[in-house]
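Taking it in order: structure first as structure tokens, then the write-up.
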Amino acid sequence: MNHKNKLTSGKPSNRWRLAVLKSIILLAGLTIVYRVVDLQLLDRHFLQNEGDKRSVRYEKIPAHRGVIFDRNGKPLAVSTPVITVWADPSDLLAVKERWGELARQLKMNKSTLAKRITENQSKEFIYLKRHLTPEQGQQLMALKVPGLQIMEEHRRYYPAGEVTAHLVGFTDIDETGQEGIELGYNKWLKGTPGKVRYLKDRRGNLAKQGELVESAQPGKELMLSIDLGLQYMAYRELKRAVGHHKARAGSLVMLDVETGEVLAMVNQPSYNPNNRAEMKAYRMRNRVVTDVLEPGSTLKPFTVAAALESGKYEKDTPVNTTPGYMRIGHDTVRDIRNYGQLDVTSVLTKSSNIGVTKMAMDIGVDNLLDMLRRVGIGQATGVGFPGESTGYLPYRDRWSNIEVATLSFGYGLTVTPLQLAQAYSVLGSKGIMRPISLIKRDVTPKGVRVMDRQVAKDVLEMLVTVVQSGSGRRAKVQSYQVGGKTGTARKVGSNGYSNSRHIGVFAGLAPIDNPRLATVIVIDEPTEGGYYGGLTAAPVFSKVNARALRMLGVTPDQKEVLTARRDDEKLGGAG
């Protein structure tokens, strides 16, 4: 009886245990089902990504950067294939005994290599050496060092070196534009990298052939307006002049008057973009576009143009410059000598400060400022070059007489050499202003008339006299009639204008009957052989334009050819 009661009393306890056991089994089953659903459906993407991180590798396919050409299709900047070596530091830490041979092949100190590996041991990727030749990359892979990998990249190369450095600029190690055209047109030149997917084991060894995910899109090509032949010639002559005069720097820009294209743009000192060791800030500036100067007497043709346009003056209108100086308040305007009575043409020929001062004060400063603005002074040229300066054209409600005087002969305002060349191209195109371009043009822009045609023609005729009998005689070009204006400006120092630091300038047009070229040369702080623009810059104009006109196939002036022959015959007879 007692035994039966025990069995009976134990049934509820067994049922409770069975219920608990069933509950546990059911809960475990539900947990497993939930986990399966979670793994297969809810967390599927997360888990796949985690797995991919351990087995799938994406590598970049470098995009080929667009080639930069000159106007004739000669390459100025190209991208060449190179090899970059990288590794997983954890793999290299496991083979320290091979660091010596790896350092020798990389041409590195073993201690430098060891430091780089140990300092980055927590990372999965470090560069060991970038931009090696394909042959060097193959030699490194032949070592079969665990974890060592290579990838293909591109390196920018500049065939013309320092000759086009200031214009073309350069890129960094990742082929991103840093200066010049490379920077200004970086988006145009830079392509879009592609992507390839690899399946690798944990040591980085290839387990499955790569699969293309995204194709690389190469950058677009760019054809500049410059002529490499003219660029080389201009660079050589400018470098020779800067060296001869022991000058601080120099600049030269040559424009095609008919199209507004830049045919040559060079500076001194320069640098080789293929050798980064020479890249110092003072060498890298494109002074033609970024540096400003007071133009001095090269601005006088526009003061004369404003006077002619006012209707108060003609080419033969007399201007009295006696006695060679002119008191304006507490200041004095001087000529280098007393020229006496001059006509307007002779004012420009003799470069009379008093003559242009009297004309500017007579017509009013507003007329002069209007003329300067119309030819582009104080405004960006719009070439799109990084760091371009706009120069400075003052604006005042009230002008003193001395301020008007100094403005008339090129002081109190600043221009870039490119702005000055653009202004002279307006004279060369008989009063038409065309936008300046560093990119080759297929269609010539119509331009806008900003100066009376007859006024421009009259000033051109006056510029011829400057070269024939004035301060620009050294700018003569054999067999061609040219015109231009010299300028010599004192530089500003800590105590005002310096008597020992000057800028020599020549701005001119060739040939004068139908101008094709507008050229500006600047020689900054010449210390030997004189400092006047007629001594330093004018001879460069002569040499550069003599070759440029022949290279461009411009027909010589028959009158000038006959004159040159007569001169040769006289010299031969006298000899």
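May I ask you to verify whether residue 356 is in contact with a Lys or Arg (Cβ under 7 Å, 6 or more places away or on another chain), crowded, with 18+ Cβ neighbours inside 10 Å and assigned to a helix (DSSP H, G or I)?
yes
Could you tell me whether the stretch 448-471 includes any residue that is exposed (fewer than 15 other Cβ atoms within 10 Å of the Cβ), touching a strand residue (DSSP E or B) at 6+ places or on another chain (Cβ under 8 Å) and farther than 16 Å from residue 301 by Cα?
yes
Scan the stretch 364-376 and tell me whether some residue there is under 30 Å from residue 181 (Cα atoms) and in a loop (DSSP other than H, G, I, E, B).
Within the stretch 364-376 (the criterion being under 30 Å from residue 181 (Cα atoms) and in a loop (DSSP other than H, G, I, E, B)), the answer is yes, since at least one residue qualifies.
Does residue 276 satisfy being in the same structural domain as residue 376 (by TED's automatic domain parsing) and modelled with pLDDT of 95 or more?
Values: in the same structural domain as residue 376 (by TED's automatic domain parsing): yes; modelled with pLDDT of 95 or more: no.
Against the criterion (in the same structural domain as residue 376 (by TED's automatic domain parsing) and modelled with pLDDT of 95 or more), residue 276 does not qualify.
Among the residues of the stretch 387-423 satisfying the criterion of being among the aromatic types (Phe, Trp, Tyr) and either touching a residue at least 40 places away in the same chain (Cβ under 8 Å) or in a strand (DSSP E or B) (or both), which is surrounded by the fewest Cβ atoms within 10 Å (Cβ to Cβ)?
By that ranking, first place goes to 392.
Across the stretch 256-286, what is the total count of residues that are of a type in the set (Val, Ile, Thr) and part of a loop (DSSP other than H, G, I, E, B)?
Summing the residues that are of a type in the set (Val, Ile, Thr) and part of a loop (DSSP other than H, G, I, E, B) in the stretch 256-286 gives 2.
If you check residue 384 against the conditions, is it in a loop (DSSP other than H, G, I, E, B), modelled with pLDDT of 95 or more and either assigned by TED's automatic domain parsing to the domain that holds residue 436 or of a type in the set (Asp, Glu) (or both)?
Values: in a loop (DSSP other than H, G, I, E, B): yes; modelled with pLDDT of 95 or more: no; either assigned by TED's automatic domain parsing to the domain that holds residue 436 or of a type in the set (Asp, Glu) (or both): yes.
Criteria not met by residue 384.
Starting from the stretch 131-145, take each residue that is more than 11 Å from residue 84 (Cα to Cα) and list its partners that are part of a helix (DSSP H, G or I) and aliphatic (A, V, I, L, M), counting only C-beta distances under 7 angstrom and pairs at least six apart or across chains.
From the stretch 131-145, the pairs are 143/102; 145/102.
Would you say residue 167 is under 30 Å from residue 267 (Cβ atoms), crowded, with 21+ Cβ neighbours inside 10 Å and of a type outside the set (Ser, Thr, Tyr)?
On the way: under 30 Å from residue 267 (Cβ atoms): yes; crowded, with 21+ Cβ neighbours inside 10 Å: yes; of a type outside the set (Ser, Thr, Tyr): yes.
Spelling it out, residue 167 is indeed under 30 Å from residue 267 (Cβ atoms), crowded, with 21+ Cβ neighbours inside 10 Å and of a type outside the set (Ser, Thr, Tyr).
Which condition does residue 380 not pass, out of (1) touching a residue at least 12 places away in the same chain (Cβ under 8 Å); (2) within 22 Å of the chain's Cα centre (by Cα), if it passes all the others?
(1)
Can you name the condition, by its number, that residue 312 falls short on among (1) within 30 Å of residue 177 (Cβ to Cβ); (2) outside any helix (DSSP H, G or I); (3) out of contact with any strand residue (DSSP E or B) (no Cβ under 7 Å at 6 or more places or on another chain)?
(1)
Which ones in the stretch 320-345 are part of a helix (DSSP H, G or I) and either at pLDDT below 95 or crowded, with 23+ Cβ neighbours inside 10 Å (or both)?
The answer is 344, and nothing else.
Please state which one of 304, 289 is at pLDDT 95 or above and either more than 17 Å from residue 252 (Cβ to Cβ) or part of a loop (DSSP other than H, G, I, E, B) (or both).
304
Is at least one residue of the stretch 366-373 under 29 Å from residue 534 (Cβ atoms) and either in contact with a strand residue (DSSP E or B) (Cβ under 7 Å, 6 or more places away or on another chain) or without any contact (Cβ under 8 Å) to a residue 12 or more places away in the chain (or both)?
Checked against the condition, which is being under 29 Å from residue 534 (Cβ atoms) and either in contact with a strand residue (DSSP E or B) (Cβ under 7 Å, 6 or more places away or on another chain) or without any contact (Cβ under 8 Å) to a residue 12 or more places away in the chain (or both), the stretch 366-373 yields no hits at all.
The values are calculated or read from the model by the stated rules, or taken from the named source; none is laboratory data. Worth saying up front: this structure is predicted, and the values here are computed from it rather than measured. Using ideal geometry, Cβ is built from the backbone for each residue, glycine included, and neighbour counts are taken over all protein chains shown.
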